[in-house]
1. Restricting to the range 130-145, what's the tally of residues that are surrounded by 14 or more Cβ atoms within 10 Å (Cβ to Cβ), of a type in the set (Val, Ile, Thr) and in contact with a helix residue (DSSP H, G or I) (Cβ under 8 Å, 6 or more places away or on another chain)?
2. Within the range 34-46, is there a residue that is out of contact with any helix residue (DSSP H, G or I) (no Cβ under 7 Å at 6 or more places or on another chain), modelled with pLDDT of 95 or more and among the small types (Gly, Ala, Ser)?
3. Quick check: is even one residue across the range 342-357 among the aromatic types (Phe, Trp, Tyr) and under 23 Å from Gly33 (Cα atoms)?
4. List the pairs whose first member sits in the range 261-287 and is aromatic (Phe, Trp, Tyr), whose second member is surrounded by fewer than 13 Cβ atoms within 10 Å (Cβ to Cβ), and whose Cβ atoms are under 8 Å apart, counting only residues at least 6 apart or on separate chains?
5. Does Pro239 fit the bill of being farther than 18 Å from His47 by Cα, without any contact (Cβ under 8 Å) to a residue 60 or more places away in the chain and more than 11 Å from the ligand (Cβ to nearest atom)?
6. Specify the residue that is nearest to Asp131 (Cα to Cα); the eligible residues are those in the range 145-170 that are charged (D, E, K, R) and part of a strand (DSSP E or B).
7. Among the residues of the range 13-34, write down those that are within 9 Å of the ligand (Cβ to nearest atom) and under 20 Å from the mean Cα position of the chain (by Cα).
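The values are calculated or read from the model by the stated rules, or taken from the named source; none is laboratory data. Computed from a prediction, not measured in an experiment: that's the story for all the values here. Cβ coordinates were reconstructed from backbone atoms using ideal geometry, including for glycine residues, and neighbour counts include every protein chain displayed.
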Amino acid sequence: MRSEAADVVIVGTRCAGTAAAIQFARAGKHVIGVDSGRFPSDTLSTHLLWPTAVAELDALGALPRVLALGAPRLRTALAGGAGYVVRTEFAPVRGTDHPLADHPLVDHALCVRRSGLDAALRDTALDAGADLREGLRVTELIHERDRVVGVRCRDRSGAVTQVRANLVVGADGRHSTVARLVGAHDPYRESASGRACYFAYWHDVHPSWRGIAAQWRTGDLLGTAFPCDGGLVLCLIQPPVGRAERGPHRTEPLYRQFIAEIPELAERLRGCTPAGRVRTAFDLASYFRRSSGPGWALPGDAGHFKDPITAQGIRDALRYGRLLAHAAAPVLDDEHALDGALHMWERRRELDCLPIYQWTNRLARGEAMTPLEVELYRAADTDPALAARVLEVMTRVRPPERMLPLRLSATLAARAVRHHAPIPAAQNLVRELRDTATEHHQRVRARRDGLPPLPGAHPATGHA
Ligand SMILES: Cc1cc2nc3c(=O)[nH]c(=O)nc-3n(C[C@H](O)[C@H](O)[C@H](O)COP(=O)(O)OP(=O)(O)OC[C@H]3O[C@@H](n4cnc5c(N)ncnc54)[C@H](O)[C@@H]3O)c2cc1C
């Protein structure tokens, strides 16, 4: 068995893994990153990047490479549905804690296919000095004195390499091997999605739409059209799980049927021709897993995932990959300080991501728009300031609970009862109030109680 040593070993080198690798390498640390895949390669993911995600690419120094891939800058968000079309220009943002304070603010979203996006991130990490390797699957962790002190990985011939390090970063996605091996795979907070995903690329023939990220909702369907690199437009449909059917022979006809049921989306795609097959994702669940312990941490989907409906995953993987390295790099040689820094990092991510996780779970219910939602978007149609507030939730500038002033909430609730079937609308309002209270308590508990103990932890110390 080959044996090596590094300051940090990173398992998985797409979004979270490369972000951590870039920041550790910039801090002068010896980083080895391993991935079971080969690059450039695609992965099962759509890829809308809100302006705050673009700001994260900028913070990592990867933005020039990503922009060179040729995706159009999306300066307008369009939301269409029953009796409304809300068009909003993105307000300029800079990611919070942006290390490049003199960089221009970001005033656009991007949609960049993952093969190019992930390759741009890897090239940036290689430039920063990280040692990234492909075709190596981590199968075991090395433990010493209750700490994780390295990994064992195998190449395709079965040859085993052992890498010892002060920190093992599991950036290995939703089916994380590292999470399983440290006993953190079972989430402490989880919500099954009510929606499935069907998506495909189309050759775009509409120049006037190339700067617009559009979403339409009709009945219980939600469909998007995001112009991306290669002259393509990515069209994602998220039907309720009850309408999704598995099996390759059903995928294509169902996708076409869903598009036909959203007339504005069908019109958007008129004249566009398909580029490749339709891909699907079923059985999605949003979750938080315990994401740090003695000598290990789980950034990205390995530790926390949200349904794609709000398109937040890449931003959070980049951001908390970078911030993990920022927190851990100065204390890698001090076990006690390192474990404390990892704990604080995890807690910060939990408090930042919990509100949008809750909001995402509401949207992922897989139901038709509620009367309250319809009234909100109708009001936003004629009120640009309100439209901007709604968009600020998606761009993480404003937490969802601060989207609506109380008085406006009451006005919209009254309109919901007046303009829709009153009894179902009232029942719906009761549910919204109940969910709002539950979510509030969940946030209060998260702030007050901190993270739950590690799986298998000693009740008195909280340590495994
Ligand atoms: C259908 C769908 C649509 C989505 N759409 C969007 C969107 O529009 N916008 C958005 O922001 N987010 C979206 N997301 C979320 C986004 O894909 C993820 O949040 C993001 O990919 C997380 O990055 P990551 O680096 O944590 O993990 P991943 O991108 O999953 O990368 C994990 C890497 O780990 C490697 N790996 C796994 N196991 C091992 C092992 N044992 N040894 C070595 N390597 C290993 C894999 O090969 C892989 O390269 C979507 C997700 C899905 C499922």
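1. From the range 130-145, those surrounded by 14 or more Cβ atoms within 10 Å (Cβ to Cβ) are 130-138, 140-143; that's our starting set.
So of that shortlist, the ones also of a type in the set (Val, Ile, Thr) come out as 138, 142.
Narrowing further to those that are in contact with a helix residue (DSSP H, G or I) (Cβ under 8 Å, 6 or more places away or on another chain): 138.
Within the range 130-145, residues that are surrounded by 14 or more Cβ atoms within 10 Å (Cβ to Cβ), of a type in the set (Val, Ile, Thr) and in contact with a helix residue (DSSP H, G or I) (Cβ under 8 Å, 6 or more places away or on another chain) number 1.
2. Yes, that holds for at least one residue.
3. Within the range 342-357, the first condition is being among the aromatic types (Phe, Trp, Tyr), and the residues that meet it are 345, 357.
So of that shortlist, the ones also under 23 Å from Gly33 (Cα atoms) come out as 345.
Among the residues of the range 342-357, at least one is among the aromatic types (Phe, Trp, Tyr) and under 23 Å from Gly33 (Cα atoms), which makes the answer yes.
4. Going by the 8 Å Cβ cut-off, the qualifying pairs are Phe282/Arg246.
5. Values: farther than 18 Å from His47 by Cα: yes; without any contact (Cβ under 8 Å) to a residue 60 or more places away in the chain: no; more than 11 Å from the ligand (Cβ to nearest atom): yes.
Spelling it out, it is not the case that Pro239 is farther than 18 Å from His47 by Cα, without any contact (Cβ under 8 Å) to a residue 60 or more places away in the chain and more than 11 Å from the ligand (Cβ to nearest atom).
6. Going residue by residue through the range 145-170, those that are charged (D, E, K, R) are 145-147, 152, 154-156, 164.
Now drop any that are not part of a strand (DSSP E or B), which leaves 147, 152, 154, 164.
On the way: Arg147: 24, Arg152: 16, Arg154: 17, Arg164: 14 Å.
My answer is Arg164.
7. Thr13, Arg14, Cys15, Ala16, Gly17, Thr18, Ala19
Listed here are the residues, each with its yes/no results for (1) of a type outside the set (D, E, K, R); (2) in contact with an Asp or Glu (Cβ under 9 Å, 6 or more places away or on another chain).
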position: Arg347; (1), (2): no, no
position: Trp359; (1), (2): yes, yes
position: Arg362; (1), (2): no, yes
position: Arg365; (1), (2): no, no
position: Ala421; (1), (2): yes, no
